[in-house]
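Below you'll find the structure, written out as structure tokens, and then a few comments.
The values are calculated or read from the model by the stated rules, or taken from the named source; none is laboratory data. Only a predicted model underlies this, so the values are computations on that prediction, with no experimental measurement involved. Here the Cβ is made from the backbone with ideal geometry for all residues, glycine too, and neighbour counts use every protein chain on show.
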Amino acid sequence: MPFTDEELYFLAHHLIAKDEVHDGRWQTKSRREWEAKEAGKAFILTSAPCRAQGHRLRTRAGHCIQCDPKKIAYIRRETQAGYVYIAGSLEGRVIKIGTTEDIDRRANRLIVESYGGFSDWRVLLCAWVSNAGRTEREILSRIPGERTAGVYFKDGQAQTAVEMIRCSFSSALDVFAAETLAIADLKAIKKQFEEYEFTQR
Ligand SMILES: [Zn+2]
């Protein structure tokens, strides 16, 4: 692909492999986004220079990564493999969806840090997926129920937790299974965790 020297330097500097870049020059916006997605490529070379500086390297959503390299880290998080999990607190009557690379450590930390102000967190189930960040976001957007925020402490500092949901475990599980393509006896799992069937107030 005909990258300029400046682009090659930029890619190397940000540890982006050349084959992570889809050649979307001469394609319409929707065409290049679709092809890049199909090919599993996170970035696109376009023939339409960015307005600010005339750069050509973009995210699939069309943001210039040369003007805003922070987008690279965001994309990396979104597409990084990891566990997505459902945790529940009987004390708070809330469900939490999260991602982590180390499920045991996370399960322990939720309790130690009293996430959201509750210390009886239990990671009810988890699944390893290739796009952990994106999968978490999809699940969160599809689970019905009231979002609640609580304060918790991390390294002695008060933090705000914004990822808790007041919903039934069943509705969270249905979305989770659909998004992670987990094949399991959902009925049996629901039975196993029926004390986490929280309803909205
Ligand atoms: Zn730019």
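Got a sec? Which of Arg56, Arg51 is more than 23 Å from the chain's Cα centre (by Cα), within 15 Å of the ligand (Cβ to nearest atom) and crowded, with 19+ Cβ neighbours inside 10 Å?
Arg56
Out of the residues in segment 59-79 meeting the condition of being closer than 24 Å to Thr135 by Cα and touching a residue at least 40 places away in the same chain (Cβ under 8 Å), tell me which one is nearest to the ligand (Cβ to nearest atom).
Ile65
Looking at Val94, Val84, can you tell me which residue is touching a Lys or Arg at 6+ places or on another chain (Cβ under 6 Å) and away from the ligand (no atom under 16 Å from the Cβ)?
Being touching a Lys or Arg at 6+ places or on another chain (Cβ under 6 Å) and away from the ligand (no atom under 16 Å from the Cβ) holds for just one of Val94, Val84, which is Val94.
Consider His13 carefully, then state whether it is crowded, with 18+ Cβ neighbours inside 10 Å and more than 14 Å from the ligand (Cβ to nearest atom).
Taking the combined requirement at face value, the residue does not satisfy it.
Given the residues Glu20, Glu38, which is the only one that is farther than 18 Å from Lys71 by Cβ, at pLDDT below 95 and either surrounded by 12 or more Cβ atoms within 10 Å (Cβ to Cβ) or more than 16 Å from the ligand (Cβ to nearest atom) (or both)?
The match here is Glu38.
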